[in-house]
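Take a look at the structure below.
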Amino acid sequence: MHGRPRNALKEEDTAALSAKAEKLRSLQSHFLANHHNRIYTKEALEGNAKLLENNPEWHTAWNYRKLAVESFLSDSHSDPETVKSILDEELRVVENALRKNFKSYGAWYHRKWVLSKGHSSIDKELRLLDAFQKADPRNFHAWNYRRFVAALMKRPDEDELKYTEEVIGANFSNYSAWHNRSILLSNLLKRKAEGYFPKENVLEGEFELVHNAIFTDPDDQSGWFYHLWLIDQTVKIDAPLLVSSWPSHGFNITLQGNKCLHGSGLSVINSTLPNTGTLPIILYFNQAVEGVNSSTVNVKSELLSGNLVWKPLSTNNSNNAQVWVAYLDIRNLEVQLSKTYVVEISLGHSKGIVSSSGYDYGHPSRVTFELCIQTAYTEPVEQQEGKSNSWKDDDFQKFDHLQESEPICSADQVTSEIDHIPTTSGRCEEAVVNEINQFRDLLSEIDCKIGKLTLARLLTAVDSLPSSRANNMVNTEEILQLYDDLMRLDPTHYLYYKDEHSLVLLRQITSSRDSLLPYCHYKKNAIEAFAGYVCLRLQNLSLSRMGSIENLLWVQTLDLSHNQLRSIEGLEAMQLLSCLNLSHNKLGSFTALGPLRLLKSLKVLNISYNEIGSHSIDTRRYLCSSPLSHTEEFAWDQFEIFAGSIGISAATFWEPFLIFQSLNLTELDIKGNPVADENFRSFLVKVLPTLKWLDEEDLS
Amino acid sequence: MGELVTDKHVKYILSVEKRKDDFESVVMEHLRMNGAYWGLTALDLMGKLDVVDVNEVVSWVMSCQHDSGGFGGNVGHDPHILYTLSAVQVLALFDKMDLIDADKVTNYIVGLQNEDGSFSGDMWGEVDTRFSYIAICCLSIIHRLDKINVEKAVKYIISCKNMDGGFGCTPGGESHAGQIFCCVGALALTGSLDLVNKDLLGWWLCERQVKSGGLNGRPEKLPDVCYSWWVLSSLIMIDRVHWISREKLIKFILDCQDKEKGGISDRPDDAVDVFHTYFGVAGLSLLEYPGLKPIDPAYALPVDVVNRIFFKK
Ligand SMILES: [Zn+2]
C-alpha cells in the first residue's frame, strides 16, 4: 500500500469498506470455482473482468483468461473476425485494469501476451501508450511496453530517439526518458548508424542537450547520470590494455637466492624469494579480462624450459580478473649464476584476451626485463629471531634520494612497448576541456554539488588521458580541494567524497619516483630477514580507500596504519608483499581480509585495533569467495570436528578459518579487535602452525 | 524520533495474520504467501517467531504446493515462482526444510529457465530479472544451484545492466532499486559481483537518500520505507553502504512507525501494512539497530537461518 493516509476510519467508511470486502470476496470465490472447473462462460468471464478491475495483480485471474482465450481460439477455426473480437475483448479488459492500476505487472504482461497471439493493431498500442505516458511520464512499465511495441513494429531507433527528445523537451526532469535515450544512442553508436559515426559528431550535441537540464536545475538528478555516461563515452577506451607489470618494462632484477645483501643492498629483491622460491610475474590490465594463458601471452627467455601457468588474481575465484600472475620457480631453474637473462613478454599478437564486455585486447605490447641470479637457491634455514617486527617510527629512516637501480616503479614510467599507442581523438579531448569550462562557468554562478563533483571528475578524466601523460596530475590539488568542499557541502554522502579523495591522493603519491620518495623508508637495525627492504609508509594519511595499486606492485613492506580503511580490495595484486601493517583502521570483518589469501609471500601482518567482531552485518561477505556464493567448497563436517576439538563455535569461526588457514604468517597482531579474546588467540595458534609471534608475544 | 516499538509491531503482525475478512486482507488474498514471509521474517528478526503456531503455518504452506512443484500465493491459486521462493523461505525460517521435496521444486524452477538464460515467472512466460533472482535464491537454499545453467543466467542479468550501473526488468529496462536488489542479489549468490561496476552503481544508490533521510527507488521519486531494504541491501552487497547516512535513515524509518497500534508505513503518517513493516524492520537490521537479529542481504533471511542452511550436518 502506498500513499494512503493513516487516519482512523469513520464508522460509515468502515461499513462501506466491509461491504466492498464482501463483494470482492464473492467475486474471488466465484472466479476460483470457475477456474478450477474450467468454466469459460460469458458470465464467468465478466465476473473475472470485474475482479481484475478491482485487483489487477491477481496472476491466477489473468491465467484464467489466457486459458479461456486459448480455448476460444481453438474453437474459432482461425476465422479472422472471430479471432480479432476475442483478442479485442482482452485488450479492453487490460485497458480497464490499467486505468485502475497503472503499475500492474500482470495487466501489462497480459497485453503483451495478447499481441503475441497475432493481434495486429499496433498503431493503436502507440496511441494508447502516448496517453498513458502523458498521464505518468515515469511509469517504467509503460516505457518497457513501449520498447516492446517499438521492437515488434520494427520502429527505427532514430524515431524513438526523437520521441525521447520530445519528452525531454516538454520536461527535462524525466529520468526515464534520459535512460531510454542512453539505450537507443548506445545501439546507434555501436552499429555506427548513418549520422552516428564517428561518435564525436553526436556527443557534442548530447552534451548540449543535457546541459539544459543540469544548468536549469542543478539539484534535479534527471540529467546527472546521463552526463556522467557521456563523459565516459568520450574518454573511455573499450579494449583491454596492459597498464603495468611486475617486473616493470626495462627493469634489471638481481636475485640473491636466500641470502640478503647488507649495506647498500637496495638494488635487489630478496627475502621474499627464499620464502617461496618463486618470482611472481604480474600483469595488470585496465579492466578485468579472461583468456590470459600461455597461448595468448608469449614469454621468451633462455631461462624458461616449459610454459608459465597464468592465474587470475580474483578474490571470488572468477576466471575474469584485472590482474594475472605467473610464478617463475627459481628452485627448479638450471641457471648460470651471475648471468643476465632477458625475459620478453608479449601479448595481444594473437586473439584470446577478452574483456568482460567482450572487447579483444587491442594493442600488441611487449614487456622486457632482465634477470640475474647471483646465488643458487637453497632451502631457507629456520632462524630464531630475537624480537618481533616493529613498526615504530623510530625504527624507520627516510631515503635522501632513490637510486636509478632501485626496483621502485611509479606511474610516470613506461609500462610496455606498444606497437600502436591507443589515444582518444583530439576532438574528444576538446570535448572534455569544453565541459570543464562549462562547469567552471556554472560554478561561478551557483555553488552546487553536482557542479563540483562533475568538475572533479572531468579534471580527473583529463589527467588520465593518454596524451596528457607528460603533464599528468597538474590538476590534483584542485581536485582534492573540490572533494574537500563536497564533504562539507553534502555531509550525507561524506564518505563517498572521502573515498574519491583518497583515490586521488594515492594517484598523486604514486605518480612519480619523486612523489614517492617522502614515503619510502628503510629500516634501521632490521632483523636479517627484513634488511634491505624499501618500506612504503602510507600511514596517517586519512585514507578511507586503497587505490593506485598498479603503481605499487614492487612493494614488499607496506605500512597503511592509522588510516580509515574499510577494505583492502585490490591488495591481492601486491604479490611481493611480505610485511603489512593495517593497524588502526576500520576493517570490520574477517572477509575484509579476503585479498590476503592470495598473497603467498605474506609473513608479517598487523591488523590490531580494527573493528573485527563489532559488526553484525558483513559488507564484504559476497565480495570474497565463500560457500554462500558457491565460490568455495567448504568441508563443514571436518571443520565442525576441528572446532569441537578446540572448543570453539563452528558457526562463528568458519570465516576466520577460511582466511587464516591459507596464510603462512610468522607474525600476527590482532589485539584491539572485539573478536580477539583468549579463545580466539588459541584458535589462531591452531590454524596458523607457522606463527611465531602473536600480539608481540613469543610463541616458541 | 524515539525507539522501535517492537512489542507493538509484533502485535500488529499477529493481528494481520488472524484477520481474514477485512478489505485489506481480501485485497492481499492473492499474495498471502508473500505476506506470510514478510510477517514471519519480521517476527524472527524481532526475536518473536516462537509466538506463531508452526504446524498451522507449515501445513498451510504445503497445501499451496502444486504437482508441478511450484507454490501458489494461496490455497487453490496457480503456482508462480514468486510464491515458491516465499514458501521455501518460510519453511527455512521454521527449520522445516525436510518437508520440501527438493527435486520437485528444482524441476519446477529448472523448467522455467529460457534459452537465453532468463527465467519466466510461470508457464505463461513473463520474463523479468526478478525471476532470475528468485530462481537462483530458491535453488541455492535447497542446494540445487548446479541444476540450472548459471553462466547463462548471469549473462542474461548482465545484459540488463544500464548506463547508471543499475539493472532493469529486461534488457533496456530502466534501473529501479527493487530490480537492482534482484540483480545484485543474484550476482552475489553466484559469486559474480566482479561484473558489477560498484563505484558507479554505488553512487546511483547512495544518491537515493533524500533530505528527510529516507531512500527513494529511482531519481526524483518520493522516499519510501521499502527502499530501505532494496537500496540498503544492494549497497551492503557491494560494500558501499558507508556512502549514505545511517543515522538519518534510522530516523526516517522510526518516524514511519505507528507508535500506537504498531506497524510501519511507506512514509510518515501513512497507513501501515505488513510489507512495509517487514522492510522497515529488515532495513533497521541491516543498519545494525540494537535488539534486532542480523539479516543476510542476499538471501533476505536472518543470518542464523542462512548459517543453518549451509552449515548443518
Ligand atoms: Zn513502498
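The values are calculated or read from the model by the stated rules, or taken from the named source; none is laboratory data. Just so it is clear, the model here is predicted, and its values are computed rather than measured. Cβ atoms come from the backbone with ideal geometry, glycine included; neighbour counts cover every protein chain shown. To get the accessible areas, we keep the full protein, side chains included, count just its heavy atoms, and leave off ligands, DNA and RNA. Shrake-Rupley method; radii C 1.70, N 1.55, O 1.52, S 1.80 Å.
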| Alpha-carbon Debye profile of the protein assembly as shown, log10 I(q)/I(0) at 0.04, 0.10 Å⁻¹ | -0.22, -1.31
| task | Report, by chain and number, residues whose modeled amide H sits under 5 Å from the one on residue A:278, excluding near sequence neighbours (fewer than 5 apart, same chain). | result | A:330
| request: Would you mind computing, in nm to one decimal, how far apart the modelled labels at residue A:187 and residue A:690 are, each placed 7 Å from Cα along Cα→Cβ? | output: 5.5 nm
| query | Relative contact order (percent) for segment A:538-698, with alpha-carbon contacts under 8 angstrom and 6 or more residues of separation? | reply | 19 percent
| query | Tally Lys/Arg at +1 and Asp/Glu at -1 over every other residue whose Cβ is under 15 Å from the Cβ of residue A:616; what's the total? | reply | -3
| query | Roughly how many Å² of residue A:395 are accessible to a 1.4 Å probe, to the nearest 10? | reply | 40 Å²
| query | Stokes-Einstein D for segment A:579-700 at 37 °C, 0.692 mPa s, Kirkwood Rh over Cα pairs, in µm²/s? | reply | 224 µm²/s
| Centroid-to-centroid separation of segment B:1-79 and segment B:216-256 [C-alpha atoms, Å] | 25 Å
| request: Heavy atoms only, probe 1.4 angstrom, no DNA, RNA or ligands counted: give me B:249, A:517 ranked by accessible area, highest first. | output: A:517, B:249
| query | Around residue A:287, which amide H atoms from residues at least 5 apart in sequence, or from another chain, sit under 5 Å from its own amide H, with H modelled in the peptide plane? | reply | A:241
| task | Round to the nearest 10 and report in Å² the accessible area of residue A:666, as given by a 1.4 Å probe over the protein chains' heavy atoms. | result | 30 Å²
| query | Expressed in nm to one decimal, what extension gain is obtained for the pair residue A:75 and residue A:336 from 0.36 nm per residue of sequence separation less their Cα-Cα distance? | reply | 85.1 nm
| request: Report the one residue of B:290, B:226, B:10 whose Cα lies farthest in the direction of the positive end of the charge dipole of chain B (charges on C-beta: Lys and Arg +1, Asp and Glu -1; origin at the Cα centre). | output: B:290
| note | Output field shielding_mean for A:603-615 (other chain Cβ, 10 Å radius) holds 0
| Folded to 0 to 90 degrees: helix A:449-464 orientation relative to chain A principal axis, Cα | 50 degrees
| request: Give the angle, between 0 and 90 degrees and rounded to the nearest 10, that separates the Cα long axis of helix A:105-116 from the longest principal axis of the Cα atoms of chain A. | output: 70 degrees
| query | In peptide B:164-172, what is the residue-averaged number of other protein chain Cβ atoms found within 10 Å of each Cβ? | reply | 5
| said: Restricting to DSSP H runs of at least four residues, report the calculated mean residue ellipticity at 222 nm for the protein assembly as shown, -39500 (n - 2.57) per run over all residues, nearest 500 deg cm²/dmol. | reply: -13500 deg cm²/dmol
| request: Calculate the mean, over all residues of peptide B:20-31, of how many other protein chain Cβ atoms lie within 10 angstrom of the residue's Cβ. | output: 6
| query | With θ set to phi - 60° and the Karplus curve 6.51 cos²θ - 1.76 cosθ + 1.60, what are the ³J(HN,Hα) couplings of segment B:164-172 in order, to the nearest whole Hz, using x for Gly and Pro? | reply | 8, x, x, 9, x, 5, 9, x, x
| note | Phi-derived 3J(HN,Hα) across segment B:219-225 with the Karplus relation (6.51, -1.76, 1.60, θ = phi - 60°), rounded Hz, x for Gly and Pro, is x, 6, 10, 6, x, 7, 4
| When only DSSP loop residues count, what GluC sites (Glu not before Pro) in segment B:233-307 have their Cβ near at most 11 other Cβ atoms within 10 Å? | B:260
| said: Order A:37-49, A:89-101 from most to least packed using the mean count of other Cβ atoms within 10 Å. | reply: A:89-101, A:37-49
| said: As a test question: what accessible area, to the nearest 10 Å², does residue A:337 have when a 1.4 Å probe is rolled over all protein chains in place? | reply: 90 Å²
| query | In segment A:638-697, what GluC sites (Glu not before Pro) fall in a loop by DSSP, with at most 16 other Cβ atoms inside 10 Å? | reply | A:696
| task | Sort A:1, B:28 from largest to smallest accessible area, using a 1.4 Å probe on the heavy atoms of the protein chains. | result | A:1, B:28
| field | Principal-axis tilt of helix A:494-509 within chain A, Cα atoms, nearest 10 degrees | value | 40 degrees
| query | So what are the ³J(HN,Hα) numbers for segment A:632-647, from phi and the Karplus equation (6.51, -1.76, 1.60; θ = phi - 60°), rounded to whole Hz, Gly and Pro as x? | reply | 8, 7, 9, 7, 4, 4, 5, 5, 5, 5, 4, 4, x, 5, 10, x
| query | From the square roots a ≥ b ≥ c of the eigenvalues of the alpha-carbon gyration tensor of segment B:6-311, which class results: rounded (a/c under 1.5), prolate (a/b over b/c), or oblate? | reply | oblate
| said: In 5 Å bins starting at zero, report the fraction of Cα pairs in segment A:54-97 per bin as a rounded %. | reply: 5, 22, 28, 23, 13, 7, 2
| remark: Counting Lys and Arg as +1 and Asp and Glu as -1 over every other residue whose Cβ sits under 14 Å from the Cβ of residue A:432, the net charge comes to -3
| If a helix is a whole DSSP H run, which ones in chain B reach 15 Å or further along their own axis (Cα) and hold a mean Kyte-Doolittle hydropathy of at least -0.5? | B:32-45, B:81-93, B:129-141, B:177-189, B:226-237, B:274-286
| query | How large is the dipole of chain A about the Cα centre if only Lys and Arg carry +1 and Asp and Glu carry -1, each at its Cβ, rounded to the nearest 20 debye? | reply | 1560 debye
| task | Using a 1.4 angstrom probe on heavy atoms only, work out the carbon and sulfur share of the accessible area of segment A:538-698 in %. | result | 47 percent
| message | Going by amide H atoms built from the backbone, whose H comes under 5 Å of the H on residue A:391, apart from near neighbours? | response | none
| query | Out of segment B:152-212, which trypsin sites (Lys or Arg not before Pro) are coil in DSSP terms and have no more than 11 other C-beta atoms within 10 Å? | reply | B:211
